[in-house]
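Enquirer: Below is the structure I would like to discuss, written out as structure tokens.
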Amino acid sequence: MALLEVKNLKTYYYTLRGVVRAVDNVSFSLERGEVLGLVGESGCGKSTIAWSLLNMVPPPGRITGGSIVIDGIDITKLSEDDLRKKVRWKKISMIFQGAMNALNPVFTIEDQLAEPLMIHKGLSKKESREIIAKLLKMVGLDETIMKRYPHELSGGQKQRVIIAMALILNPDLVIADEPTTALDVIVQAQIINLFKQIKQRYKMAMIFITHDLSLIAEIADKVAVMYAGKIVEIGSADQVYGNPLHPYTQGLLASIPRLRKREEIRWIPGVPPDLSRPPPGCRFFPRCQYVMDVCRKEEPVLKEVEPGHYVACHLY
Ligand code: SF4
């Protein structure tokens with residue numbers, strides 16, 4: 001049985017301007033220890049998927065359809081109390097976008113890391129200290145950091161603390177939403193290396209959310225490309241990088257600068273659609289160089305083009 005099974009998930013925002021279909025009929029699964037890279041432009045619904053997986057979509061959003069089954073439990077059917085006690089941080093933990101700036105300035109790192117251990121595991125502060133010291137070492141920090149306050153740490157150190165926090169209850173799945181944004185490129189590389197070590201050591205499933213396809217090339221086993229609230233292509237990392245099928249995936253890959261090839265960088269013309277009024281048919285058609293009549297009328301569904309490699313496009 002897969003660790004995570006998301007089926008026909010719909011998460012909409014009910015705004016004064018209309019219903020924004022941020023995540024519209026999305027399905028995917030994840031095995032234990034597998035790393036999924038979820039990629040797409042800003043506003044395509046990636047972060048809304050992350051919030052949905054914790055059943056914590058901020059209002060005016062809510063999950064309006066589908067199921068999210070983790071370890072046999074459909075979290076869309078759980079009460080808020082059960083979600084807090086059984087799922088969040090224990091089964092699924094999340095590294096929120098910009099979370100390093102959300103560390104509480106008036107508590108030491110030790111206080112902040114000890115809290116989940118004391119609440120969820122009933123440990124004393126002294127018992128928590130040993131676990132925290134080990135975990136800080138694992139994320140590449142000296143244990144003396146635990147006595148410091150967030151303002152005494154660099155951006156990279158704070159991000160490592162946030163990663164330690166996400167791992168502290170040893171969850172089955174960690175979701176990292178743009179975990180390297182706002183860090184300089186050297187620190188970005190260090191943080192990606194840290195995730196690689198976590199993957200090898202803990203065999204933990206991870207969902208890595210990013211707008212940058214090149215960032216997850218080395219870490220993801222599987223890649224899902226999202227466009228305008230839908231997954232348009234999903235397959236193993238080798239399939240998606242080596243044989244991108246959807247014109248949008250091809251455009252994303254062509255926009256990455258290459259170090260060793262003298263290739264012109266291309267970009268995708270146009271902007272993503274307004275998700276309160278998405279175009280009929282294929283949502284990518286206004287920007288697609290291969291658009292056909294059928295694309296304007298019929299919505300393409302995900303089809304398996306080679307084993308494990310799915311694409312939603314009328315070209316296939
Ligand atoms: Fe382009 Fe048509 Fe494929 Fe959409 S379905 S990506 S418009 S070819």
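The values are calculated or read from the model by the stated rules, or taken from the named source; none is laboratory data. Bear in mind that the values here come from a model prediction, so they are computed numbers and not experimental data. Because the Cβ atoms are built from the backbone with ideal geometry, glycine has one as well, and the counts that use them run over all protein chains shown. Quick note on the areas: whole protein, heavy atoms, side chains included, nothing else; ligands and nucleic acids left out. Shrake-Rupley method; radii C 1.70, N 1.55, O 1.52, S 1.80 Å.
Enquirer: Which members of region 273-286 meet the condition of being near the ligand (Cβ under 10 Å from one of its atoms) and touching a strand residue (DSSP E or B) at 6+ places or on another chain (Cβ under 9 Å)? Lay out the reasoning, then the answer.
Expert: Filtering region 273-286 down to residues near the ligand (Cβ under 10 Å from one of its atoms) leaves 279, 281-286.
Answer for region 273-286, where residues must be near the ligand (Cβ under 10 Å from one of its atoms) and touching a strand residue (DSSP E or B) at 6+ places or on another chain (Cβ under 9 Å): 282, 283, 284.
Enquirer: When both residues are 6+ apart or on different chains and their Cβ atoms are under 6 Å apart, which pairs have a first residue that lies in region 10-29 and is more than 14 Å from residue 226 (Cβ to Cβ) and among the hydroxyl-bearing types (Ser, Thr, Tyr), and a second that is open to solvent by 50 Å² or more (accessible area, probe 1.4 Å) and in a strand (DSSP E or B)?
Expert: 12/21; 12/64; 29/5
Enquirer: If residue 225 meets every condition in (1) out of contact with any Ser or Thr (no Cβ under 8 Å at 6 or more places or on another chain); (2) not in a loop (DSSP other than H, G, I, E, B) apart from one, which number is that one?
Expert: Residue 225 satisfies all of (1) out of contact with any Ser or Thr (no Cβ under 8 Å at 6 or more places or on another chain); (2) not in a loop (DSSP other than H, G, I, E, B) except (1).
Enquirer: Could you look through region 289-306, keep only residues that are open to solvent by less than 70 Å² (accessible area, probe 1.4 Å) and not aliphatic (A, V, I, L, M), and pick out the one that is farthest from the ligand (Cβ to nearest atom)?
Expert: 306
Enquirer: Also, quick follow-up: Give 223, 161 a once-over and let me know the one that is crowded, with 23+ Cβ neighbours inside 10 Å, closer than 30 Å to residue 273 by Cβ and out of contact with any Cys (no Cβ under 7 Å at 6 or more places or on another chain).
Expert: 223
Enquirer: Quick one: in region 243-272, of everything that is in contact (Cβ under 8 Å) with a residue 24 or more places away in the chain and over 25 Å from residue 22 (Cα atoms), which residue is farthest from the ligand (Cβ to nearest atom)?
Expert: Looking at residues that are in contact (Cβ under 8 Å) with a residue 24 or more places away in the chain and over 25 Å from residue 22 (Cα atoms), I get 256.
Enquirer: Restricting attention to region 9-44, and to residues there that are of a type in the set (Ser, Thr, Tyr) and within 16 Å of residue 273 (Cα to Cα), which single residue is nearest to the chain's Cα centre (by Cα)?
Expert: Within region 9-44, the first condition is being of a type in the set (Ser, Thr, Tyr), and the residues that meet it are 11-15, 27, 29, 42.
Next cut, within 16 Å of residue 273 (Cα to Cα) only: 12-13, 42.
Numbers: 12: 18, 13: 19, 42: 12 Å.
Top of the filtered list is 42.
Enquirer: Next up: Against the condition modelled with pLDDT of 90 or more, part of a helix (DSSP H, G or I) and out of contact with any Leu (no Cβ under 7 Å at 6 or more places or on another chain), how does residue 239 come out, does it pass?
Expert: On the way: modelled with pLDDT of 90 or more: yes; part of a helix (DSSP H, G or I): yes; out of contact with any Leu (no Cβ under 7 Å at 6 or more places or on another chain): yes.
Against the criterion (modelled with pLDDT of 90 or more, part of a helix (DSSP H, G or I) and out of contact with any Leu (no Cβ under 7 Å at 6 or more places or on another chain)), residue 239 qualifies.
Enquirer: Related question: Within region 210-219, how many residues are open to solvent by less than 10 Å² (accessible area, probe 1.4 Å) and either modelled with pLDDT of 95 or more or out of contact with any Leu (no Cβ under 8 Å at 6 or more places or on another chain) (or both)?
Expert: Residues flagged as open to solvent by less than 10 Å² (accessible area, probe 1.4 Å) and either modelled with pLDDT of 95 or more or out of contact with any Leu (no Cβ under 8 Å at 6 or more places or on another chain) (or both) within region 210-219 amount to 2.
Enquirer: Among the residues of region 192-209, which ones are more than 20 Å from residue 256 (Cα to Cα) and buried (at least 18 other Cβ atoms within 10 Å of the Cβ)?
Expert: Listed by number, the residues that qualify are 194, 195, 198, 199, 204, 205, 206, 207.
Enquirer: Looking at (1) open to solvent by less than 10 Å² (accessible area, probe 1.4 Å); (2) without any contact (Cβ under 8 Å) to a residue 40 or more places away in the chain; (3) in a loop (DSSP other than H, G, I, E, B), can you tell me which one residue 279 breaks?
Expert: (1)
Enquirer: Considering every residue within region 45-66, establish whether at least one is buried (at least 16 other Cβ atoms within 10 Å of the Cβ), in contact (Cβ under 8 Å) with a residue 12 or more places away in the chain and aromatic (Phe, Trp, Tyr).
Expert: yes
Enquirer: Go through the residues of region 226-242 one by one and say whether even a single one is closer than 19 Å to residue 27 by Cα, open to solvent by less than 70 Å² (accessible area, probe 1.4 Å), more than 8 Å from the ligand (Cβ to nearest atom) and of a type in the set (Phe, Trp, Tyr).
Expert: Yes, region 226-242 has at least one match.
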